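A.B. asks: Can you keep this structure in mind? I'll have questions shortly.
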Amino acid sequence: MLDEVYYDHRYTLYCNAEFTLHKKIKPSKGFKLPDLQNVGFQFYDISKEELLKKAQRMEWEHIVPVQNFGKTFSEWSVGHKNCRLAKNQPYKGRKCAEQESEEFRYMYTDMYNLYPSIGAVNYLRSNFNMTQFDGNVKNTFGSCALKLSRNKAEPPDNVKGLIARTYFYMERTYSRYRIGQPMRGVLQAWDKKYPVSKWECRRAFRIEKVQGNANQRLKDICINKGWYKN
């Protein structure tokens with residue numbers, strides 16, 4: 001992704017923070033994270049120090065959370081006879097599904113569903129699905145207009161259309177994944193209100209060259225606009 005897709009567009013999705021070839025977040029006058037220790041989250045399986053480190057690096061985020069489709073695999077929910085630890089203890093979940101299911105590996109690594117994100121933002125967004133909040137919900141990360149509340153997420157306006165089209169791509173490409181209600185209505189509204197950009201088209205063009213399959217609906221729109229090119 002870094003070498004073939006994002007080589008000339010090294011900016012994170014939600015916060016538009018620039019990052020380097022080595023996935024380090026670059027300081028910016030226009031972007032500043034608040035003190036992550038005071039944003040009101042419980043960190044559970046991660047220390048505050050590690051979260052602060054994550055704020056300084058880029059990670060690849062799945063727009064459609066892995067859990068959303070992973071839980072449909074028996075390897076994830078039940079396990080597999082080959083998923084055994086050193087002492088023959090069984091395990092299940094993402095690691096087992098990745099080990100034993102080719103279909104899961106295709107979905108998990110699908111480049112159309114992967115976007116650069118600040119590590120701390122990626123972690124705190126977790127597996128929250130998308131929604132449209134009312135005006136009372138404030139930005140979670142200061143000048144970065146991503147809102148997280150009640151296990152839901154609302155992205156900045158400039159990427160809402162892109163995110164909606166990513167969800168629809170995953171649903172069309174993989175029969176086991178289905179978008180639930182009321183999120184479908186929200187995504188349909190975003191898709192209509194926020195049209196494709198030149199970068200969205202260029203990104204899709206590059207991914208098709210690397211991955212081998214097209215996001216056909218997006219490709220058709222981009223071709224009509226004359227933007228499906230490098």
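The values are calculated or read from the model by the stated rules, or taken from the named source; none is laboratory data. Just so you know, these numbers come straight off a predicted model, no measurement behind them. We place every Cβ from the backbone using ideal geometry, glycine too, and count neighbours over all the protein chains shown.
A.B. asks: Hey, any hits in the stretch 169-176 for a residue that's without any contact (Cβ under 8 Å) to a residue 24 or more places away in the chain and either surrounded by fewer than 16 Cβ atoms within 10 Å (Cβ to Cβ) or not in a strand (DSSP E or B) (or both)? Walk me through how you get there before you give the answer.
C.D. replies: Going residue by residue through the stretch 169-176, those that are without any contact (Cβ under 8 Å) to a residue 24 or more places away in the chain are 171, 175.
Now restrict to residues that are either surrounded by fewer than 16 Cβ atoms within 10 Å (Cβ to Cβ) or not in a strand (DSSP E or B) (or both): 171, 175.
Taking every residue of the stretch 169-176 in turn, at least one turns out to be without any contact (Cβ under 8 Å) to a residue 24 or more places away in the chain and either surrounded by fewer than 16 Cβ atoms within 10 Å (Cβ to Cβ) or not in a strand (DSSP E or B) (or both).
A.B. asks: Within the stretch 53-74, is there a residue that is touching a Cys at 6+ places or on another chain (Cβ under 6 Å), outside any loop (DSSP other than H, G, I, E, B), at pLDDT 90 or above and more than 26 Å from Gly119 (Cα to Cα)?
C.D. replies: Within the stretch 53-74 (the criterion being touching a Cys at 6+ places or on another chain (Cβ under 6 Å), outside any loop (DSSP other than H, G, I, E, B), at pLDDT 90 or above and more than 26 Å from Gly119 (Cα to Cα)), the answer is no, since none of the residues qualifies.
A.B. asks: Would you mind stating whether Arg94 is among the charged types (D, E, K, R) and closer than 23 Å to Val5 by Cα?
C.D. replies: no
A.B. asks: Can you spot a residue in the stretch 179-187 that is at pLDDT 95 or above, of a type outside the set (A, V, I, L, M, F, W, C) and crowded, with 17+ Cβ neighbours inside 10 Å?
C.D. replies: No, the conditions are met nowhere in the stretch 179-187.
A.B. asks: Sticking with this one: Restricting attention to the stretch 99-134, report how many residues are without any contact (Cβ under 8 Å) to a residue 12 or more places away in the chain, in a loop (DSSP other than H, G, I, E, B) and farther than 21 Å from Gln181 by Cβ.
C.D. replies: 1
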